[in-house]
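Notes follow the structure.
The values are calculated or read from the model by the stated rules, or taken from the named source; none is laboratory data. These numbers were taken from a predicted model, which means no experiment stands behind them. Counting neighbours? That spans all protein chains shown, and the Cβs are built from the backbone with ideal geometry, glycine included.
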């Protein structure tokens, strides 16, 4: 089960007030408990990081507003013949998407044609934990969804 440490990000961009007296130079906060803005959540669970990878693989490249390089074009390879060039393009695409997340360390990638899609097996580790594990991701052409197996 994913665990978040922090608080809700609802109204995070609005000014925050506390009952703490004014700090140095009449600024908000004090030397004891300053207000810190920025990252609201700390992730502890490896499953969150792996789900982030699967989410990135489910988004077609260019479809995320404001981030045209985010996502993947693996879905273009589903109907392609299983040649060495196609295999290498899939490997390169998985490595490119995984490189967007510095917490992931990719070791090996294998791709197999499967009924109604592509099965990709990735041996990886998550940076703070460094536990090697094999991840099987199935790209289903009928539902257009990549799922962990």
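Among the strands (runs of 3 or more DSSP E) contained in region 92-149, which hold 1 or more residues that are more than 15 Å from residue 55 (Cα to Cα) and either out of contact with any helix residue (DSSP H, G or I) (no Cβ under 8 Å at 6 or more places or on another chain) or assigned by TED's automatic domain parsing to the domain that holds residue 55 (or both)? Steps first, answer last, please.
On the way: elements: 104-114, 117-126, 133-140, 145-148.
Per the criteria, 104-114, 117-126, 133-140.
If we keep just the residues of region 118-128 that are in contact (Cβ under 8 Å) with a residue 24 or more places away in the chain and more than 16 Å from the chain's Cα centre (by Cα), which is nearest to residue 144 (Cα to Cα)?
Of region 118-128, the ones in contact (Cβ under 8 Å) with a residue 24 or more places away in the chain are 118-120, 122, 124, 126-128.
Then drop every residue that is not more than 16 Å from the chain's Cα centre (by Cα), which leaves 118-120.
Details: 118: 11, 119: 13, 120: 15 Å.
Within region 118-128, the match that is nearest to residue 144 (Cα to Cα) is 118.
A quick yes/no check of all residues on (1) more than 28 Å from residue 46 (Cβ to Cβ); (2) more than 14 Å from the chain's Cα centre (by Cα); (3) exposed (fewer than 11 other Cβ atoms within 10 Å of the Cβ); (4) at pLDDT 90 or above:
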position	(1), (2), (3), (4)
76	yes, yes, no, no
82	yes, yes, no, no
95	no, no, no, yes
98	no, no, no, yes
115	yes, yes, yes, no
